[in-house]
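What follows draws every value from the coordinates through simple rules; no lab data is involved. Model, not experiment: these values are computed from the prediction. Cβ atoms come from the backbone with ideal geometry, glycine included; neighbour counts cover every protein chain shown.
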């Protein structure tokens, strides 16, 4: 598995101006690093360093031995279009414009541009992508609770909910060390919503508008996955079932979504029962598939549940 790619550039400051907005739009984080500029997505790093002065004259050409180009997957064709428009507005060099968006071949929806060192950058939409419409930013639930699109103002409430070892026990992201961790997550969630990459709502209960958790879904071409977390004080009242049911109803109303999946730790019986009540079927147990940082130890077994549209189950003729 690839861990990181490290590139030397002619002018680190100029490269940072190019790369940081692009990488953030694609969902990468920018953790601090004294050696240069570092971008992180899941467990993969892309690192940029200032080239030593004695090597600057050699320059770069993508047809020489070495790196040809970097390619990233967007969330949708709409995001590819938006990033192309942003690159043009910023004065970056666009490539193959006479054949946009299928310069890479029929059905291969992508944009191409050059960074300040003329490294070719490609952003491609998922295969068979049909962009989902934006979901409702608010959804009313039968109990009187509601879902609302996340905002940075939810930081304090969500930190209070997540600062609980039992709540975080089976989740695959670490317990936050402070509100700043939650704030960074929410800032990424706002960008992801706008890009169509992930849609995340807070679960709001009661007339006082108390935020008691989150639920999100991520479309990937013909399928989507979803996940949630709920403050311990809100357990046992059916809120997770209601919230997930509302999100699943919206996903099922989108004809291009033929499969919806979710995972749960093999020992998280509460979540497993909820997924079954929602109509998802157990497809199997993935052995040593997921690290649960709040449990410690090595990777743990993970159950995979899915709902598949009935007409998609029939074998092709």
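Quick notes on this structure:
- Angle in degrees between helix 12-25 and the longest Cα principal axis of the chain, rounded to the nearest 10: 30 degrees
- Annotation: peptides 192-204, 280-292, 160-172, 219-231, ranked by per-residue average of other Cβ atoms within 10 Å with the highest first, follow the order 192-204, 219-231, 160-172, 280-292.
- Value of relative contact order over the range 4-124, rounded to a whole percent, pairs C-alpha under 8 Å and six or more apart: 25 percent
- Computed from the C-beta positions of residue 287 and residue 253 and an R0 of 25 Å, the FRET efficiency is 0.10 to the nearest 0.05.
- Residue separation of residue 65 and residue 90 scaled by 0.36 nm, minus their Cα-Cα distance, works out to 6.0 nm of gained length.
- Relative contact order of the chain, defined on C-alpha pairs under 8 angstrom at six or more residues apart (%): 13 percent
- Using the empirical formula 2.2 N^0.38 Å as the baseline, the Cα radius of gyration of the range 36-84 reaches a ratio of 1.55.
- Based on C-alpha pairs under 8 angstrom that are at least 6 apart in sequence, the range 138-313 has a relative contact order of 21 percent.
- The fewest-to-most ranking of 214, 263 by surrounding Cβ atoms within 10 Å reads 263, 214.
- If the convex hull is drawn through the Cα atoms of the chain, its volume per residue in Å³: 175 Å³
- Linear extension gain, residue 222 paired with residue 208, 0.36 nm per residue minus alpha-carbon span: 1.2 nm
- Whole-Å semi-axes of the range 4-124's equivalent ellipsoid (Cα gyration tensor): 24, 18, 13
- Within a Gaussian network of the chain (alpha carbon springs, distance under 10 Å), most fluctuating of 79, 256, 63: 63
- Square roots of 5 times each gyration tensor eigenvalue, C-alpha, the range 162-256, largest first, Å: 23, 18, 13
- Space enclosed by the convex hull of the alpha-carbon atoms of the range 82-155, per residue, Å³: 163 Å³
- Considering only 57, 249, 153, the Gaussian network model of the chain with Cα springs below 10 Å gives its largest mean-square fluctuation to 57.
- Rounded tilt (10° steps) of 179-195 against the dominant C-alpha axis of the chain: 80 degrees
- Helix-only mean residue ellipticity at 222 nm for the chain, each DSSP H run of n ≥ 4 adding -39500 (n - 2.57), per residue, nearest 500: -8000 deg cm²/dmol
- Cα coordinate range in the range 138-313, projected on the principal axes (Å, largest first): 44, 39, 32
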